[in-house]
Amino acid sequence: MTPDTDISAALQANLLEAIAQGSPVQIVSGGSKTFYGRAPQGEPLSVTGHRGVISYEPTELVITARAGTRLADVEALLAEHNQMLPFEPPHFTGNATLGGAIATGLSGPRRPYAGSARDFVLGIKVLTGKGEILSFGGQVMKNVAGFDVSRFMAGSLGTLGILLEISLKVLPRPESEQTLLFECSALEAIQRMNAWAGQPLPLSGAVFDGGRLYLRLSGSTAALNAAREKLGGELFADGPAFWRDARDHTCTFFQGDAPLWRVSVPAATPPLDLPGEWLIDWGGAQRWLKTSCAPATIRELTAKAGGHATLFRGGDRQGAVFHPLPPALMALHRRLKAAFDPHGILNLGRMYSDL
Amino acid sequence: MKTLASDTQALITALHRILPSSAVLSDAEDLRPYECDGLSAYRELPLAVCLPETVEQVRAVLRVCHDMNVPVVARGAGTGLSGGALPLANGVVLSLAKFMRILEVDPANRIARVQPGVRNLAISQAAAPYGLYYAPDPSSQIACTIGGNVAENSGGVHCLKYGLTVHNVLGLKVLTMDGELLEIGGAALDAPGYDLLALMTGSEGLLGVIVEVTVKLLPKPERAQVVLAAFDDVVKAGEAVGSIIGAGIVPGGLEMMDNLAIRAAEDFIHAGYPVDAAAILLCEVDGANEEVSDQILKVREILKQAGATEVRTARGEAERLKFWAGRKAAFPAVGRISPDYYCMDGTIPRKRLSEVLSRIAELSKEYGLPVANVFHAGDGNLHPLILYDANKPGELERTEEFGGKILDLCVAVGGTITGEHGVGMEKIGQMCHQFAPAELTQFHAVKHAFDPQGLLNPGKAVPTLHRCAEFGAMHVHGGKLSHPELERF
């Protein structure tokens with residue numbers, strides 16, 4: 001582990017200087033998700049020096065750490081106490097930080113069963129675009145005082161403020177895990193994943209890739225054995241590596257240069273009629289599509305299915321990466337951006353061209 | 001600021017133009033049932049109550065009020081405990097009570113799309129044929145509506161494992177004060193742009209009027225089993241909670257009651273509680289059959305090691321429900337032994353429980369007012385019930401002062417003034433303790449982004465800085481007042 005340092009005062013001074021100069025700032029951290037969102041603009045301001053776990057109470061199920069703390073360090077500490085970040089945040093190239101995980105709001109395969117990154121946020125300290133350091137939420141599970149600005153920050157891609165500290169709810173690691181394997185079509189996989197998710201089974205992952213449905217179970221050994229009896233399928237020995245690769249996009253499917261789309265739809269939606277290769281995660285709710293198909297076609301079909309599509313990696317990073325919003329919602333986004341970043345200098349254009 | 005009588009007449013005429021006559025109430029006797037919500041110590045008559053039944057009618061009401069600059073207070077079943085639906089004397093109450101339809105239960109996607117006036121429990125009942133249910137279960141779930149649950153981010157006894165309302169809502173349709181319909185989220189697990197669902201949930205009617213809700217449904221656990229443990233000391237009970245969670249068990253419900261609450265509940269429900277115990281814990285585990293069996297054994301062992309004087313596992317479903325019936329009836333049970341009671345809703349880090357309970361006991365002596373403590377022990381949400389008699393002159397005021405001190409104590413130990421009941425009108429002063437002026441200013445900026453005229457439930461949930469100055473409760477950091485430029489009264 002790298003030494004703990006608190007550089008919030010320096011970050012604030014840098015930001016105030018940038019505000020005075022009217023010079024846009026690009027927030028950088030571990031750099032594992034630089035590819036994500038629209039092309040970054042502005043002077044880089046690094047938060048990697050702002051690191052360290054501030055408090056961790058295993059019996060309270062709460063950890064508070066500075067944004068630049070490496071995700072791997074946070075997870076290693078939790079593992080010492082047999083706990084974990086339940087939303088299974090992707091690390092991608094390995095240098096991922098806690099701040100980046102929450103700012104992007106991305107979650108791994110456990111998400112449909114355990115909850116998303118934002119679901120586990122309890123509180124934040126943030127340096128807003130006004131140059132003020134503010135605290136919202138706290139270190140307790142239940143807190144409804146004031147608007148839920150902490151969870152609102154999750155996934156806002158640094159366009160509202162620079163995350164300084166984050167408090168998260170954590171959970172015990174399951175006693176054991178097993179991965180089951182089924183050969184089937186995409187349609188059958190989606191049907192099965194959703195039928196099972198409607199039953200009291202200890203599911204914690206469901207991915208369909210290359211004609212195979214991978215199902216992860218988590219819980220006590222006795223419960224897993226009982227579930228296997230009901231589900232059938234073949235026991236897959238290489239489970240931990242498989243789920244890590246699915247989380248970090250290191251499996252074969254994610255190789256190559258074709259634009260990668262993230263398609264988020266209601267989980268039981270039948271396979272979408274779009275050309276390209278698919279990997280289905282989140283029990284059907286998050287689908288990855290490698291395609292050179294026109295963005296408009298992808299978005300139209302996804303929207304018709306009640307979802308939205310993100311140009312996750314590759315393709316035109318100057319264009320519309322995230323699904324366009326209806327005018328009234330976009331106008332509200334602009335007003336909210338102005339409420340937190342009135343000078344319009346934080347991660348300008350990273351999410352939408354005019355945010 | 002009082003609206004002039006002629007303005008009131010013009011408002012009522014305008015409302016009658018857009019709603020059927022039976023859907024506009026303005027006579028004092030018709031307004032009376034709306035004068036308060038579940039916090040009946042606060043009462044106010046509005047100018048009018050509107051009972052629209054279509055989204056178009058809601059939009060029309062909002063536009064009339066927007067154009068005439070009249071504040072609007074949205075209301076569901078009126079079961080809230082913080083005065084969030086308390087009418088404003090110069091405003092209109094917008095009741096969503098007629099929006100009672102369950103629009104869709106989609107078992108394949110495990111969601112339900114419902115109107116805001118649908119009762120919390122009705123959703124689980126509609127989902128039951130598919131083996132599904134809606135997880136958050138506030139104690140008023142028979143009566144409270146889902147729209148109100150979203151507005152307050154309601155909890156219940158299963159929050160540690162299943163989350164609050166914010167974790168169980170996927171989509172909303174919301175009308176802004178100027179009548180714009182926003183679709184936020186939907187049937188997918190996420191939506192593009194900012195997480196407006198997080199902002200809307202728990203916004204206490206300050207940002208928009210909810211006209212449709214899409215909720216997540218969960219499969220009913222295969223089995224649930226509850227253990228009751230008695231302790232001769234509340235501190236030991238509190239430590240047992242930490243030991244259970246530290247052992248890697250996340251109970252579906254983990255509740256604690258102190259002696260006064262135990263005796264009141266037992267007198268009322270005859271749940272079989274040990275009335276001599278200083279505290280009892282109810283620990284429920286749920287899930288796969290085998291998992292529950294494993295965990296019940298572990299929980300029993302941990303409770304014994306923690307010094308429980310008695311550990312009882314419910315024999316069968318009937319006894320399980322009986323154990324819970326006592327806990328769920330704790331508030332009305334306390335209502336039977338005291339003319340009035342005042343329910344607090346702070347959350348604290350669990351490890352600070354014993355010092356918080358000791359301090360509450362000291363304050364109880366100081367004020368001469370008994371306190372029964374009911375505690376969502378798993379998630380740290382404490383409900384001290386202060387027993388008082390409103391007919392005794394000055395007793396309500398003393399009770400409120402005592403309650404305020406309890407909330408200040410919750411903030412001082414790193415907790416919060418409200419875990420699940422909301423700020424509303426009740427805790428508006430304590431917000432000045434919990435947040436510094438800069439955070440409060442940021443909240444107002446968020447409200448302004450949604451409701452620039454400040455017409456949705458103004459004066460609730462987020463205090464103005466002037467109000468905090470009047471309240472005399474500004475944060476004082478290092479002996480310096482944060483905003484010396486503000487006037488003090």
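The values are calculated or read from the model by the stated rules, or taken from the named source; none is laboratory data. Not measured: the values here are computed from a predicted model. Positions of Cβ are backbone-derived with ideal geometry, glycine not excepted, and every protein chain shown enters the neighbour counts. With ligands, DNA and RNA removed, areas are computed over all heavy atoms of the protein, side chains included. Shrake-Rupley method; radii C 1.70, N 1.55, O 1.52, S 1.80 Å.
Could you run through region A:9-67 and say how many residues are among the hydroxyl-bearing types (Ser, Thr, Tyr), within 14 Å of chain B (Cβ to nearest Cβ) and closer than 24 Å to A:Gly123 by Cβ? Don't jump to the end; show me each part of the working.
Restricting attention to region A:9-67, the residues satisfying the condition of being among the hydroxyl-bearing types (Ser, Thr, Tyr) are A:23, A:29, A:32, A:34, A:36, A:46, A:48, A:55-56, A:59, A:64.
Still in the list and also within 14 Å of chain B (Cβ to nearest Cβ): A:36, A:55-56, A:59, A:64.
Keeping just the survivors that are closer than 24 Å to A:Gly123 by Cβ gives A:55-56, A:59, A:64.
Summing the residues that are among the hydroxyl-bearing types (Ser, Thr, Tyr), within 14 Å of chain B (Cβ to nearest Cβ) and closer than 24 Å to A:Gly123 by Cβ in region A:9-67 gives 4.
Among the residues of region B:244-279, which ones are closer than 13 Å to B:Phe323 by Cα, in contact with a Lys or Arg (Cβ under 7 Å, 6 or more places away or on another chain) and open to solvent by 10 Å² or more (accessible area, probe 1.4 Å)?
The answer is B:Phe268, B:Gly272.
Only one residue in B:Val73, B:Val58 is aliphatic (A, V, I, L, M), farther than 17 Å from B:Pro33 by Cα and not in a loop (DSSP other than H, G, I, E, B), so which one is that?
Numbers: B:Val73 fails: farther than 17 Å from B:Pro33 by Cα.
Selected residue: B:Val58, the only one of B:Val73, B:Val58 that is aliphatic (A, V, I, L, M), farther than 17 Å from B:Pro33 by Cα and not in a loop (DSSP other than H, G, I, E, B).
For region A:37-55, check the following and say yes or no: at least one residue is within 22 Å of A:Pro172 (Cα to Cα), open to solvent by less than 30 Å² (accessible area, probe 1.4 Å) and not polar (S, T, N, Q). Explain how you work it out, then say what you get.
Step one: list which residues in region A:37-55 are within 22 Å of A:Pro172 (Cα to Cα), which gives A:52-55.
The next check asks that each one be open to solvent by less than 30 Å² (accessible area, probe 1.4 Å); those that pass are A:52.
Those left that are additionally not polar (S, T, N, Q): A:52.
Yes - at least one qualifying residue is present in region A:37-55.
Considering each residue of region B:111-138, count those that are within 13 Å of another protein chain (Cβ to nearest Cβ), surrounded by fewer than 22 Cβ atoms within 10 Å (Cβ to Cβ) and assigned to a helix (DSSP H, G or I), and give that number.
Counting residues in region B:111-138 that are within 13 Å of another protein chain (Cβ to nearest Cβ), surrounded by fewer than 22 Cβ atoms within 10 Å (Cβ to Cβ) and assigned to a helix (DSSP H, G or I) gives 3.
Since B:Leu39 meets every condition but one in (1) within 23 Å of B:Ala151 (Cα to Cα); (2) at pLDDT below 95; (3) surrounded by fewer than 19 Cβ atoms within 10 Å (Cβ to Cβ); (4) hydrophobic (A, V, I, L, M, F, W, C), which condition does it not meet?
In the conditions (1) within 23 Å of B:Ala151 (Cα to Cα); (2) at pLDDT below 95; (3) surrounded by fewer than 19 Cβ atoms within 10 Å (Cβ to Cβ); (4) hydrophobic (A, V, I, L, M, F, W, C), B:Leu39 misses (3) alone.
Quick test for you: out of B:Val371, B:Val411, pick the one residue that is β-branched (Val, Ile, Thr), farther than 29 Å from B:Ala247 by Cβ and within 12 Å of chain A (Cβ to nearest Cβ). Walk me through it before giving the result.
On the way: B:Val371 fails: within 12 Å of chain A (Cβ to nearest Cβ).
B:Val411 is the lone residue from the list that is β-branched (Val, Ile, Thr), farther than 29 Å from B:Ala247 by Cβ and within 12 Å of chain A (Cβ to nearest Cβ).
Checking the condition in contact with a strand residue (DSSP E or B) (Cβ under 8 Å, 6 or more places away or on another chain) and either open to solvent by 20 Å² or more (accessible area, probe 1.4 Å) or without any contact (Cβ under 8 Å) to a residue 60 or more places away in the chain (or both), which residue from B:Met200, B:Met177 passes?
Numbers: B:Met177 fails: either open to solvent by 20 Å² or more (accessible area, probe 1.4 Å) or without any contact (Cβ under 8 Å) to a residue 60 or more places away in the chain (or both).
Just one listed residue meets the conditions, B:Met200.
Does region B:139-160 hold any residues that are modelled with pLDDT of 95 or more and either on the phi > 0 side of the Ramachandran plot or within 14 Å of chain A (Cβ to nearest Cβ) (or both), and which are they?
B:Gly148, B:Asn149, B:Val150, B:Ala151, B:Glu152, B:Asn153, B:Ser154
Filter region A:315-355 for residues that are open to solvent by less than 30 Å² (accessible area, probe 1.4 Å) and away from chain B (no Cβ under 12 Å) and give the result.
Those that are open to solvent by less than 30 Å² (accessible area, probe 1.4 Å) and away from chain B (no Cβ under 12 Å): A:Gly319, A:Gly344, A:Ile345, A:Leu346, A:Asn347, A:Gly349, A:Arg350.
If I ask for residues that are farther than 16 Å from B:Gly253 by Cβ and either open to solvent by less than 20 Å² (accessible area, probe 1.4 Å) or away from chain A (no Cβ under 14 Å) (or both), which ones from region B:213-237 would you list?
B:Val213, B:Thr214, B:Val215, B:Leu217, B:Ala230, B:Phe231, B:Asp232, B:Asp233, B:Val234, B:Val235, B:Lys236 - these are the residues of region B:213-237 that are farther than 16 Å from B:Gly253 by Cβ and either open to solvent by less than 20 Å² (accessible area, probe 1.4 Å) or away from chain A (no Cβ under 14 Å) (or both).
Yes or no: region A:302-324 includes at least one residue that is out of contact with any Ser or Thr (no Cβ under 8 Å at 6 or more places or on another chain), closer than 19 Å to B:Lys447 by Cα and not hydrophobic (A, V, I, L, M, F, W, C).
No, the conditions are met nowhere in region A:302-324.
Would you mind telling me which numbered condition in (1) of a type outside the set (A, V, I, L, M, F, W, C); (2) over 30 Å from B:Lys98 (Cα atoms); (3) open to solvent by 30 Å² or more (accessible area, probe 1.4 Å); (4) within 7 Å of another protein chain (Cβ to nearest Cβ) B:Tyr194 fails?
(3)
Here is a list: B:Leu282, B:Leu321. Which entry is away from chain A (no Cβ under 14 Å) and open to solvent by less than 30 Å² (accessible area, probe 1.4 Å)?
Values: B:Leu321 fails: open to solvent by less than 30 Å² (accessible area, probe 1.4 Å).
One residue alone meets the criteria, B:Leu282.
Which strands (runs of 3 or more DSSP E) does region B:167-285 wholly contain that include 3 or more residues that are farther than 29 Å from A:Val62 by Cβ and either acidic (Asp, Glu) or more than 24 Å from the chain's Cα centre (by Cα) (or both)?
Details: elements: B:169-175, B:181-185, B:209-216, B:223-231, B:253-258.
Fully inside region B:167-285 and qualifying: B:181-185.
For a quick check of your reading: which helices (runs of 4 or more DSSP H) sit entirely within region B:391-455 and have at least 2 residues that are open to solvent by less than 10 Å² (accessible area, probe 1.4 Å) and modelled with pLDDT of 95 or more? Give the steps one after another, and end with the answer.
Working: elements: B:395-412, B:431-434, B:437-450.
Output list reads B:395-412, B:437-450.
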